[in-house]
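The values are calculated or read from the model by the stated rules, or taken from the named source; none is laboratory data. Keep in mind that what you see is a predicted model, and the values were worked out from it rather than measured. Glycine gets a Cβ as well: all are built from the backbone with ideal geometry, and neighbour counts include every protein chain shown. Side chains are part of the model used for accessible areas, which takes the heavy atoms of the whole protein and leaves out ligands, DNA and RNA. Shrake-Rupley method; radii C 1.70, N 1.55, O 1.52, S 1.80 Å.
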Amino acid sequence: MLQLNQIASLTSARFLQQVSNPGIQHFLLDSRQRREHSKALFFAIRGRQHDGHQYIKELYLKGFRNFIVQTPINLSSTPEANVLQVPDSIQALQQIAASQRQQFRYPVIAITGSNGKTIVKEWLFQMLWQDHVIVRSPKSYNSQIGVPLSLLEMRSHHSLGIFEAGISLPNEMKQLAKMLKCDYGIITNLGSAHDEGFDNRLQKAKEKLQLFQGCKWFVYPNDYPELSTAILSMSRDSKAISWGSSKLSDYQLIALKATGNSTKLQMRHHASETSIHFDIPFTDQASIENLCCCVVFLLEYGLSHQQIQNRLRSLEPVAMRLEMKQGINSCQLINDAYNSDLQSLRIALDFLDQQQQSQDKIVVLSDLLQTGRAKPELYSEVAELLKARSLTEVVTIGPESALHLAPALTHHFQSKSYERSKDFLAQHDLSLWSHATILFKGARKFHFEQIVNKLSLKAHQTRLEINLNAIAHNLRIYRSLLDKHVKVMAMVKSAAYGSGSTEVAKTLSYHKADYLAVAYPDEGVQIRKAGIQLPIMVMNSYPGSFEIMVQNQLEPEIFNIEQLDQFLKALQRSQVPLPYPIHIKLETGMNRLGFGSKDIRELIETCRKANDSLEIKSLMSHLSVSDTPNGKAYSLQQIETFKSLCNTINKQLQIAPLRHILNSTGVVNFPEAHFDMVRLGIGLYGVDPSNKLQQELQTVASLKSFVSQVKTVPAHSSIGYGRVGQTGNEPRIIATIAIGYADGYFRSLSDGKASVLIRGQLAPTIGNICMDMCMVDVSDIPGVAPGDEVLLFGETPSVEQVASWANTIAYELMTSISQRVKRVFYIE
């Protein structure tokens with residue numbers, strides 16, 4: 001624990017106000033995280049769109065008393081706070097982390113690469129925890145902020161550190177290397193990730209290799225030409241150990257042979273001229289590459305061949321994500337039951353805090369394994385973490401938590417303890433859990449998947465997976481195009497383009513979207529019931545819905561005089577505080593909805609008569625050809641019409657509401673018309689119709705199913721309804737998949753017009769798409785078996801590609817996915 005005066009010295013900070021010199025244990029950059037107030041230090045970071053200084057007063061009222069700021073604040077609102085000023089809050093955090101790193105002499109392993117960093121880190125942990133007490137990066141904390149937060153977890157009881165380091169721009173690795181000062185390293189590969197931030201792949205390779213300057217040795221795959229070239233230009237103070245297919249490799253990859261669910265790996269060690277054999281419990285190329293990095297590292301680290309092989313046998317897949325799904329009795333299940341370290345528990349509890357759709361919050365927690373800490377001290381800290389949350393019940397599973405944790409919880413909320421998961425299932429009355437949000441957090445050995453499966457809502461096994469991290473990423477990408485004052489209205493209509501409006505809305509709220517927009521009032525009511533307080537605009541409101549809209553603080557889009565008159569009458573009948581916010585839709589050329597130039601005088605007169613009943617929050621319109629290159633002139637004409645109408649209304653009514661006319665494509669194509677707010681729709685979900693931003697966006701939705709049956713169909717046979725599918729002159733291997741047009745997989749994708757991804761290869765449809773299933777030809781894909789996962793759209797093929805095959809647009813395909821298809825939300 002660092003004293004605040006020490007932190008001031010480390011960062012060359014200036015005290016704007018000091019009332020005490022507390023010990024600091026928690027370092028916060030997010031005002032929504034819960035930590036012990038007296039031991040927490042909040043770093044106010046000023047970004048392009050958000051300013052952490054804005055949340056200091058709110059945090060002070062919650063009990064926080066220690067702050068690092070970049071600019072002076074109003075100290076009269078924080079009279080009992082310690083406030084330090086530094087030139088750069090992130091740099092200050094890094095300076096503290098670097099000091100923390102220097103206090104410990106145990107070895108540190110640093111891992112970088114375009115992909116696979118987290119997997120390699122977790123697999124090294126699984127294979128080295130028997131020998132060391134390991135501190136490692138939580139989740140994928142590998143950025144300029146993630147690395148220092150990871151290093152601040154280092155403690156004296158640890159004996160090894162394993163940390164990730166990631167970069168996206170030149171000159172970033174130098175700062176990470178300065179903090180990490182690694183003894184050993186691994187670079188996993190060199191791929192296309194973040195290519196856009198560098199002049200070329202060679203520049204990126206050189207940047208990544210700065211991480212290993214001065215280390216003892218590092219491992220790298222030499223099948224990447226730019227990486228090998230970059231290593232030749234490195235100074236020779238660090239030994240580079242190569243593996244790959246080249247005969248010049250220190251460890252030459254001789255043979256790979258897949259056998260069932262494992263792969264036989266043969267390598268030749270160049271120095272000793274010996275052949276090495278391993279059985280790897282995976283068959284996919286990415287896992288094999290990652291495990292080759294691990295194996296070579298462990299051999300150099302001093303583990304014997306037999307030790308490595310024994311540990312490979314017990315190696316488990318790495319859960320890269322926390323999932324949220326529907327449970328029985330209207331419960332929401334948060335499944336993070338794959339690891340059980342303290343830092344990932346904090347992250348999971350923070351996620352649970354975000355869920356406002358139910359009052360009851362329950363945690364099911366296993367013993368925390370492989371921490372290396374004394375049990376009483378460890379579980380005392382866990383108890384404090386839990387007691388800081390608004391929980392209704394905690395269930396512990398495992399002998400350690402029953403002994404050390406449960407007694408500390410009994411006076412705070414309901415708590416029960418069980419020895420094993422099977423005991424919980426046999427003895428706990430699951431029917432008592434209703435309309436609750438339940439977090440499952442535990443080590444894999446406790447088999448929490450048995451409990452989650454028991455509580456899961458049994459549904460169609462075809463699923464639409466929604467990556468909530470990707471939505472947050474895409475929001476950041478679009479925000480980077482906007483001036484700081486420009487607000488974001490996020491479109492969550494049509495169940496968030498088929499993704500699920502409530503969970504998506506919670507994510508957008510957490511990441512500080514300014515407004516939400518829905519198509520109809522019932523969508524807005526659903527979001528309000530989830531506890532989301534962001535302003536919500538309703539695009540299609542009607543007189544019969546005004547009462548429920550007002551009750552739920554939903555703001556109507558008003559597009560004609562009759563509708564405005566009816567809404568004013570509804571306000572008179574209600575007891576709602578006035579003025580009430582509305583949004584005025586202007587007709588500029590879409591010829592769909594809105595007040596045209598001939599209607600403006602009557603609109604102004606009606607608003608004047610309304611006196612103080614209305615607050616016009618925004619004036620808005622919509623471009624009809626924002627994504628069409630030859631429509632630019634028409635769009636510019638619409639923008640000028642919009643500006644003229646806005647100027648007239650503002651001048652006559654003496655108001656200055658927000659103005660917005662652009663959708664996702666318009667944001668990219670017409671930066672001069674960002675005005676005060678933009679409306680982000682399909683772009684948030686990873687689709688850029690302009691195709692100018694597509695490479696920077698991340699895929700949000702992945703439609704997945706599974707193979708129900710595989711059969712060999714003889715030559716000259718027909719397949720499916722109408723005998724449309726034909727095998728031709730050769731027998732074909734046909735896989736039947738559990739998805740059809742009733743799920744939203746269009747019939748127009750029949751008989752070779754589309755392909756699905758199975759075992760990393762594309763398989764074309766054959767025959768007509770049926771109501772509940774479809775058939776694909778897997779003759780060229782070896783080993784396809786019932787139960788294999790099938791990707792209908794996602795990374796490959798993309799939703800845009802499938803929409804093109806169906807002769808439609810991505811909007812239609814995404815919003816057509818049936819409600820019987822289970823939505824699974826996850827964060828990585």
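Under 6 Å between Cβ atoms, at least 6 apart or on separate chains: pull out the pairs that start in segment 53-82 with a residue that is under 23 Å from GLN94 (Cβ atoms) and end on any residue that is modelled with pLDDT of 95 or more and assigned to a helix (DSSP H, G or I).
ILE68/SER89; ILE68/ALA92; GLN70/SER89; ASN82/LEU4
Return the pair list, or none, for Cβ contacts closer than 6 Å from residues in segment 651-679 that are farther than 13 Å from LYS632 by Cα and open to solvent by 10 Å² or more (accessible area, probe 1.4 Å) to residues that are acidic (Asp, Glu) and at pLDDT below 95, at least 6 apart or on different chains.
Nothing qualifies.
So which residues in segment 418-433 are modelled with pLDDT of 90 or more and open to solvent by 50 Å² or more (accessible area, probe 1.4 Å)?
Residues satisfying the conditions are GLU419, ARG420, LYS422, LEU425, ALA426, GLN427.
Can you tell me which residues in segment 205-227 are closer than 14 Å to LEU190 by Cα, crowded, with 20+ Cβ neighbours inside 10 Å and either without any contact (Cβ under 8 Å) to a residue 24 or more places away in the chain or touching a Gly at 6+ places or on another chain (Cβ under 6 Å) (or both)?
Answer for segment 205-227, where residues must be closer than 14 Å to LEU190 by Cα, crowded, with 20+ Cβ neighbours inside 10 Å and either without any contact (Cβ under 8 Å) to a residue 24 or more places away in the chain or touching a Gly at 6+ places or on another chain (Cβ under 6 Å) (or both): PRO221, ASN222.
Looking at LEU369, LEU345, which is the one that is assigned to a helix (DSSP H, G or I), under 30 Å from ARG34 (Cβ atoms) and of a type in the set (A, V, I, L, M)? I'd like the intermediate steps shown before the answer.
Details: LEU369 fails: assigned to a helix (DSSP H, G or I).
One residue alone meets the criteria, LEU345.
Please state which of the following conditions HIS194 fails to meet, knowing it meets all the rest: (1) at negative phi; (2) in contact with a Ser or Thr (Cβ under 6 Å, 6 or more places away or on another chain); (3) not small (Gly, Ala, Ser).
The single condition HIS194 does not satisfy is (1).
When you scan segment 515-538, how many residues do you find that are in contact with a Pro (Cβ under 9 Å, 6 or more places away or on another chain), of a type in the set (A, V, I, L, M, F, W, C) and in contact (Cβ under 8 Å) with a residue 40 or more places away in the chain?
Of the residues in that region, 1 qualify.
Taking PRO731 and the conditions (1) at pLDDT 95 or above; (2) surrounded by fewer than 16 Cβ atoms within 10 Å (Cβ to Cβ); (3) within 25 Å of ARG463 (Cβ to Cβ); (4) of a type outside the set (Ser, Thr, Tyr), which numbered condition does it fall short on, given that it satisfies the others?
Of (1) at pLDDT 95 or above; (2) surrounded by fewer than 16 Cβ atoms within 10 Å (Cβ to Cβ); (3) within 25 Å of ARG463 (Cβ to Cβ); (4) of a type outside the set (Ser, Thr, Tyr), only one is false for PRO731: (3).
So for segment 347-368 (the condition being more than 23 Å from LEU425 (Cβ to Cβ) and of a type in the set (Lys, Arg)), does at least one residue qualify?
No, segment 347-368 contains no residue that is more than 23 Å from LEU425 (Cβ to Cβ) and of a type in the set (Lys, Arg).
Could you count how many residues in segment 406-421 are over 32 Å from the mean Cα position of the chain (by Cα) and in a helix (DSSP H, G or I)?
Final tally of qualifying residues: 3.
I need the full set of residues from segment 799-822 which are open to solvent by 30 Å² or more (accessible area, probe 1.4 Å) and either in a helix (DSSP H, G or I) or farther than 24 Å from GLY720 by Cβ (or both), in order please.
Result: GLU800, GLN801, SER804, TRP805, ILE809, TYR811, GLU812, THR815, GLN819, LYS822.
The rows are residues; the columns are (1) open to solvent by less than 10 Å² (accessible area, probe 1.4 Å); (2) at pLDDT below 90; (3) assigned to a strand (DSSP E or B).
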position	(1), (2), (3)
GLN450	no, yes, no
THR462	yes, no, yes
ILE477	no, no, no
LEU482	yes, no, no
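Sort out for me the helices (runs of 4 or more DSSP H) sitting completely within segment 566-670 that have 3 or more residues that are within 27 Å of ALA490 (Cβ to Cβ) and hydrophobic (A, V, I, L, M, F, W, C).
Numbers: elements: 600-609, 632-653, 664-669.
By residue number, 632-653.
Among the residues of segment 516-564, count how many are within 21 Å of PHE595 (Cβ to Cβ) and under 25 Å from the mean Cα position of the chain (by Cα).
Within segment 516-564, residues that are within 21 Å of PHE595 (Cβ to Cβ) and under 25 Å from the mean Cα position of the chain (by Cα) number 1.
Which of the residues belonging to segment 242-282 are surrounded by 18 or more Cβ atoms within 10 Å (Cβ to Cβ) and not in a strand (DSSP E or B)?
SER249, ASP250
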